[in-house]
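Presented below is the structure to which this report refers.
The values are calculated or read from the model by the stated rules, or taken from the named source; none is laboratory data. Keep in mind the model is a prediction, meaning the values are calculated, not measured. Reconstructed Cβ throughout: ideal geometry from the backbone, glycine too, with neighbour counts over all protein chains shown.
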Amino acid sequence: MAKSTGLDQNFKDRLLSLVERHEFESLSLKEAVTIEKLGTLTKLSVRHRQCIRELTLEKPIIVVILRGNKTIYLDDRQYLFQPGELFCVPPGIAITVINQPDEKDSLYLALVLELSSHLLERIRSAYPKLIDRVSYESPLQFKIPLTKDLANSLVYLLESALNDISNHNLYLNEHRVMEVVLLLLNSEWREQLLQIIYPDLPMRVANILCQDLSQPWTTAKLAAELNISVSTLKRQLKQHQTSFRQILTAARMEKAMELIQQDKYAITQVAIACGYESPPDAPTGVGWWHWTVFNLPANVTSLPANVTSKGEKLPDGSGQGFTDFGDVGYGGACPPMGDQAHEYVFTVYALNVENIPADETTTGAKLAFLIKDHILAEATLVAEYQR
């Protein structure tokens, strides 16, 4: 059996000293403002050899062995961890684990830090450049090389968390947890950690795209950002049953809906911000809004001619929205002279509610968003016109 290094031994002894002075089973580390959990620190103690088969974690964990040893089996690979060693286990993969107590005192003892999705999203949002490049081709490794800074950070985290039982020092706990992850992301072990705590390639792709959706993204440009080949990117996304185009479209739709709900952007501005060159290609899927009418009674089967911008002749309770012409009311077809025939789409929606909270300031895109979860049926007529 290999011996622990001086750093490993000192690290283990410092942690053991803290654990032995405080009797605890588990302690939650909470974010001070929103009271969202950043992670859970747990002492795992076993008196007899323990074998857990087909263990699949929901969240990534960082583990420090204090007594005994742990063996992890993944496919045909075996990983052995001894006292003072640090390792990380990813979520979503089935592993077999053996916890073996120490021969002298028949005790297996480990500290387990579970990293919450809230913590990982906060780091992803605050430090996007730390996670914008990773190769998914290298084999997965669990062991984390221990440095003096990382060892000190983990000791300070445990000490702060244990003291928090009485002192409620939530802000310090928050920063201690983030410090541990940031030290790892700034180390040579960064790519391995990224594979473990951010294993979902589609999420990584979406994160990169969302940093600037106005760019003319291509698979080649995205592959360069990920430091992998285009063929590898396509193959791995296919394994996740998705594609570059699907992820890009979903990201643009989400961004578009976010901007539309702010009621201060025209559809042209939304289209450009989301990477579309012209409004007809905008992510609402409906192009340029010429007219919108809402809250028509269910018994209405036709509308009169010459409805004014003030809504005269419309049924009681009905209203008109704000069009992409910058006004209320119908804006007629007027394609460029000599251009090919343009399509004009007329759609009527049957909803499961009587009224939608809209008024004359509501854009067509926002109206589409407001009704999307209430549509029972729809009918569309497409007409062509050219000059």
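Set side by side, the residues VAL307, VAL300, VAL348, VAL353 differ, and just one is more than 25 Å from CYS274 (Cβ to Cβ), touching a residue at least 12 places away in the same chain (Cβ under 8 Å) and in a strand (DSSP E or B), which is VAL348.
For the criterion of being surrounded by 16 or more Cβ atoms within 10 Å (Cβ to Cβ) and at pLDDT 80 or above, VAL64 passes. Starting from residues that are part of a helix (DSSP H, G or I) and more than 19 Å from GLU58 (Cβ to Cβ), keep the ones in region 108-145 and report whichever is modelled with the highest pLDDT. Among residues in region 108-145 that are part of a helix (DSSP H, G or I) and more than 19 Å from GLU58 (Cβ to Cβ), the one modelled with the highest pLDDT is ALA126.
One residue is enough: does region 244-267 have a residue meeting the conditions acidic (Asp, Glu), modelled with pLDDT under 80, farther than 22 Å from GLU121 by Cβ and not in a helix (DSSP H, G or I)? Scanning region 244-267 turns up at least one residue that is acidic (Asp, Glu), modelled with pLDDT under 80, farther than 22 Å from GLU121 by Cβ and not in a helix (DSSP H, G or I).
Residues in region 191-210 that are at pLDDT 75 or above and not aliphatic (A, V, I, L, M): PRO202, CYS210. Taking region 328-355 as the range and being surrounded by fewer than 16 Cβ atoms within 10 Å (Cβ to Cβ) and under 15 Å from LEU296 (Cβ atoms) as the test, the residues that pass are PHE346, THR347, VAL348, ALA350, ASN352, VAL353, GLU354, ASN355. When the residues of region 237-253 are filtered to those that are surrounded by fewer than 17 Cβ atoms within 10 Å (Cβ to Cβ) and touching a residue at least 40 places away in the same chain (Cβ under 8 Å), the one that is farthest from TRP217 (Cα to Cα) is HIS240.
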